[in-house]
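Scroll down for the structure; my scribbles are underneath it.
The values are calculated or read from the model by the stated rules, or taken from the named source; none is laboratory data. This structure is a prediction, so every number in the text was calculated from the model and none was measured. With ideal geometry, Cβ positions are generated from the backbone for all residues, glycine too; neighbour counts draw on all protein chains shown. Accessible surface areas use protein heavy atoms only, side chains included; no ligands, DNA or RNA. Shrake-Rupley method; radii C 1.70, N 1.55, O 1.52, S 1.80 Å.
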Amino acid sequence: MKYFPESALMQLEYDKVQALLQEHCKTELGKQMAIDLRLHTHIDYVRTALQQAHEFKQLILLQEYFPNDYILNLKTELRLLSIQGAVLSGEQAMMLRKLAESMHSIVRFFDHDRRIQYGGLFEVIKDTHYEKKITALIDEVLDEAGQVRDNASTELSKIRISLYRKRTELRRMFDRILQKLQKLNYLADQEEAFLNGRRVVAIYAENKRMIKGIIHGESDTRKTAFLEPDETIALNNDIQSLEREEGREVYRILKAMTASLSSYAGLLNGYHEILGTFDFIRAKAKLALDMDANYPMLVPQAQLHLIQAYHPLLLLYNRKSNKPTIPVNLNLDKDAHILVISGPNAGGKTVTLKTVGLLQLMLQSGLLVPVHPSSQMGIFKQLMIHIGDTQSLEFELSTYSSHLKNMKYFMENANGRTLFFIDELGSGSDPNLGGAFAEVIMEELAKKHAFGIVTTHYLNLKVMANKVRGIINGAMGFDEKSLMPMYKLMVGKPGSSYTFSIAERIGLDPALIARAKKLVDEGHFQLDKLLNKAEQDLQVVESKEKELQKLLKENERLKKEYELLADKERKHQQVTFMKLQNQIKENDLQYLKDMERKLKQIVVEWKRTDDKERVMKQAEILLFRRREKQINEKIDKKVKDKFEEVGGQCQVGDQVKIVSNRQVGKLLEIRDKRAIVQLGNIPINVKLSDLVVVQEKPKETVD
C-alpha cells in the first residue's frame, strides 16, 4: 500500500499500535515481525492474516491450550548447522530438541476437526512435517540433562569406566590421608578441595613443611595452604589424562551429531520460523482482546461501513482513566464516498478522521480492529493524509503553500482506490480565497471517485457537500447548554461552529459580540444560525427517539415477562391437575383391588355358611362403606372450617364436638362418665370421653 506523505503512518499513530503489538510478542522472531509489519493490498493475504488472528483469539476465549508457549531464539544454533565442521554443545543440541518437540506438539494439535475449525492457523504448518529422526539423533547421544551418554561410543564408555575406578581409588586414599592429618591436627578444613584441576587438602600454613607433597597455593590470609600429598600425585595425573581423553571423545561425538543434524537444517529453520509466526499471531490476538477488536466483513471493493468503530489508542487510554469512549458510525461507498465533517473546535473532528485512518491501516496489516463484527471494510491501494501544520522551513514554504503542494499531489494521484484524509481544508489563507480553492479541490477529488474524509469550518463547503455527487455532510454533536462537545458524528447534515454561542456562554461583553455579528456577512450569519438551530432540534428529536425506543423495549420486555409468567402458571396448573388426577386414580385403583379381595372372601363365606343373612349384611357394609366415609369426611370438613378445637376438660355450657358423629352441640349436664349434649332441640346421651371442647373461628379466618 502506498501512502503520502512519508510521515503519514506516524501522524495516524500506527507506530504506537506496532509498539503495543511488539510488547505481546515473546520470541525475537515475533518481535521482528511486529517491527516489520507492512500494509498489504492483496485481499487474500489480508483475509488469511485476519482469519488467523481471529482463530487464535477464539482459542484464548475458549481457554483451549495451544502448544506454542516454549520461547526460543535459536539463530546462533541454527547458523552453526550451516557451518561445516561446527560443533553444537549439549545444551544447544537440547534446545534444538525442544524446538522439534514443540513442532511435534503443534502438529498433533491439528487433528482432523481442528484442521477444519482453525483452518487459518493450520495454513501455517500445512507445508511442513514433524521429523522424529531429529530427536532420535539427539537422544542417542545426550541424556535428559544434555550430557553425552556413557554409551554414546565404545571408547567413551571405556574412558569413563577407567575414570570412575581412578576417582574411587583417589577418594579412598584421600579418606585415609584426611583421617591421618585430622589426628595430627594439621587440617584447616575437614573437606578436601580442588585447585588447578587437582585434588588437594587444606592444612595450616605452619604445618606445610611437615607433609610431603606439592603446594598449589595459599588462602588470602596466608593462614591456609593447599597441598597435594605425594601419595595422590600419580592418581591425579592419571585422572587428568583420562579427563582430557574424555573431552576429546565427547567433542568428536558432538561434532558427528552436529554433522548429522545439519542435514535437517532447512527443516529446523522452518520449525523456528513457524513458532515465531504463531507467537506473532498470538500477539495479534492478545492485542485484539485488549482493544475489544473483531474480524469485520472484508469486501474486495473500496468501501467503508463502520459500526461502533473506536480509536484503539483512545479506547485504551480512556479505559485506564475510567472514561467512556464514543464510537463512530459512518458509511462511505460509491454513491457517497467523501464525507465533509464540520462542527466546533475540540469537538472530535480530527479524532474521527484519525480513527478511520488508523483502523484502515490496521486492517490492511492483518490486525483485528475495534469495530462491530458486522462492519464492512474494503481494500485501498493508496492512502493520503494532510493533518495539522505542514509548514516546511527547509524549503521556505508557508503553511498554505505546503497545504497547496499536498493538495496538488492528492489531485494528481487520487483514484477510485484512494483513501484520503484532509484536516481543515483551505485553512491558512484568506477565508474567501481559501474556501474557493477548497471547493475546487473537493470537486476534483469527487471526480476522481476517491474516498475520504475532510474537516472544515467553511460554510461554502458545507453548502456544496450535498449538491455535488458523491459528497455528503457530517457534523460533530455539541451541547449548546453545557458548551461541551458530544464527540458524536452525525452524518447527513452540516454543523455549526457555535462561534457566537460559545462567546455568549463564556460571558464575553455583549457589545463586542454585537459588533462582531455586524462585521459578518448577513447571509453567512443567518446560515450558521440556522445550522445551529437545526442541530439542536435534531438533538432533541434524537433524545425523544431514544426515550421512545427505551419505552418500547421496556414494554416488549414486560410483555415477554408476562407471557413467560402466564406460561409458567399454566404449566403449573396442568401439572397440579395431573398430579391430583393421578392421585385420585391411584386411590380408586387401590380401593377396587381391596374391594375385589373382600368380595372374593364374601363369596367364599356365602358358599361355606348357612347363615346367608349375616353374609348379606357384610356385603352391604362393604359396598356402602366408601359412600358413608365420603359423607363423613364432608361433614368433618364443614365442622373444621367453622370450628377449632380448644382442648381441656369439658364444662357444662361448653360447645363440644362429638367425635363419633362429628356433630357440634352444647354440653347440658355431666353424669359421671356420661354427658347430655343438646344437638339442635334434641338432647342426646353420649360418653364424656367422646367429647372435645371447640369454639367458633373468627369470620375473617373462615376458609
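If Gly197 satisfies every condition in (1) at pLDDT below 90; (2) open to solvent by less than 30 Å² (accessible area, probe 1.4 Å); (3) within 25 Å of Arg252 (Cβ to Cβ) but one, which is the exception?
Just one mismatch for Gly197, condition (2).
For segment 683-691, indicate whether the set of residues that are outside any loop (DSSP other than H, G, I, E, B), loosely packed, with under 13 Cβ neighbours inside 10 Å, without any contact (Cβ under 8 Å) to a residue 24 or more places away in the chain and within 60 Å of the chain's Cα centre (by Cα) is non-empty.
no
Applying the selection to segment 225-255, what residues are at pLDDT 90 or above and of a type in the set (S, T, N, Q)?
Passing the criteria: only Ser241.
Identify all residues within segment 651-672 that are in a strand (DSSP E or B) and in contact (Cβ under 8 Å) with a residue 12 or more places away in the chain; write none if there are none.
Gln655, Val656, Lys657, Ile658, Gln663, Val664, Gly665, Lys666, Leu667, Leu668, Glu669, Ile670
Can you tell me which residue among Leu21, Leu99, Leu81, Leu62 is closer than 25 Å to Phe421 by Cβ and not hydroxyl-bearing (Ser, Thr, Tyr)?
Just one listed residue meets the conditions, Leu21.
Mind checking which residues of segment 342-362 are touching a helix residue (DSSP H, G or I) at 6+ places or on another chain (Cβ under 8 Å) and at pLDDT below 90?
Those that are touching a helix residue (DSSP H, G or I) at 6+ places or on another chain (Cβ under 8 Å) and at pLDDT below 90: Ser342, Gly343, Pro344.
Are any of the residues in segment 56-70 in contact (Cβ under 8 Å) with a residue 12 or more places away in the chain, open to solvent by less than 40 Å² (accessible area, probe 1.4 Å), under 17 Å from Leu268 (Cβ atoms) and not polar (S, T, N, Q)?
So far as segment 56-70 goes, no, none of its residues is in contact (Cβ under 8 Å) with a residue 12 or more places away in the chain, open to solvent by less than 40 Å² (accessible area, probe 1.4 Å), under 17 Å from Leu268 (Cβ atoms) and not polar (S, T, N, Q).
Which one is farthest from Ala234 (Cα to Cα) among residues in segment 143-156 that are free of Cβ contacts under 8 Å to residues at least 60 places away in the same chain and surrounded by 14 or more Cβ atoms within 10 Å (Cβ to Cβ)?
Gly146
Restricting to segment 129-139, and then to whatever is without any contact (Cβ under 8 Å) to a residue 60 or more places away in the chain and either in contact with an Asp or Glu (Cβ under 7 Å, 6 or more places away or on another chain) or part of a helix (DSSP H, G or I) (or both), can you tell me which residue is nearest to Val250 (Cα to Cα)?
Asp139
Does segment 92-107 include one or more residues that are farther than 15 Å from Gly366 by Cα, small (Gly, Ala, Ser) and open to solvent by less than 10 Å² (accessible area, probe 1.4 Å)?
yes
So that you can scan it fast, the table gives a plain yes or no per residue for (1) of a type in the set (Val, Ile, Thr); (2) closer than 30 Å to Thr128 by Cβ; (3) touching a Lys or Arg at 6+ places or on another chain (Cβ under 8 Å):
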{"position": "Gln240", "(1), (2), (3)": "no, no, yes"}
{"position": "Asn269", "(1), (2), (3)": "no, yes, no"}
{"position": "Leu287", "(1), (2), (3)": "no, yes, no"}
{"position": "Leu304", "(1), (2), (3)": "no, no, no"}
{"position": "His311", "(1), (2), (3)": "no, no, yes"}
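Given the structure, is Ile83 assigned to a loop (DSSP other than H, G, I, E, B) and either of a type in the set (Asp, Glu) or open to solvent by 60 Å² or more (accessible area, probe 1.4 Å) (or both)?
Taking the combined requirement at face value, the residue satisfies it.
Scanning segment 148-190 for residues that are of a type in the set (D, E, K, R), within 60 Å of the chain's Cα centre (by Cα) and in a helix (DSSP H, G or I), which turns out modelled with the lowest pLDDT?
Going through the qualifying residues, I end up with Arg167.
Residue check: is Val664 more than 30 Å from Leu599 (Cβ to Cβ), in contact with a strand residue (DSSP E or B) (Cβ under 6 Å, 6 or more places away or on another chain), at pLDDT 85 or above and of a type outside the set (Phe, Trp, Tyr)?
yes
Run down Lys183, Lys212 and say which single residue is free of Cβ contacts under 8 Å to residues at least 60 places away in the same chain, touching a strand residue (DSSP E or B) at 6+ places or on another chain (Cβ under 9 Å) and open to solvent by 90 Å² or more (accessible area, probe 1.4 Å).
None of the others qualify; the one that does is Lys212.
With the checklist (1) part of a loop (DSSP other than H, G, I, E, B); (2) within 30 Å of Gln51 (Cβ to Cβ); (3) in contact with a helix residue (DSSP H, G or I) (Cβ under 7 Å, 6 or more places away or on another chain) in hand, flag the one item Leu99 doesn't pass.
If we test Leu99 against (1) part of a loop (DSSP other than H, G, I, E, B); (2) within 30 Å of Gln51 (Cβ to Cβ); (3) in contact with a helix residue (DSSP H, G or I) (Cβ under 7 Å, 6 or more places away or on another chain), just (1) comes out false.
Pull up segment 1-21, narrow it to residues that are without any contact (Cβ under 8 Å) to a residue 40 or more places away in the chain and open to solvent by 60 Å² or more (accessible area, probe 1.4 Å), then point me to the one that is nearest to Lys75 (Cα to Cα).
The selected residue is Asp15.
For (1) surrounded by fewer than 22 Cβ atoms within 10 Å (Cβ to Cβ); (2) under 30 Å from Gln147 (Cβ atoms); (3) of a type outside the set (A, V, I, L, M), each residue gets a yes or a no:
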site: Tyr251; (1), (2), (3): yes, yes, yes
site: Leu254; (1), (2), (3): yes, yes, no
site: Ser263; (1), (2), (3): yes, yes, yes
site: Tyr271; (1), (2), (3): no, yes, yes
site: Ala283; (1), (2), (3): no, no, no
site: Lys286; (1), (2), (3): yes, no, yes
site: Asn294; (1), (2), (3): yes, no, yes
site: Pro300; (1), (2), (3): yes, no, yes
site: Leu304; (1), (2), (3): no, no, no
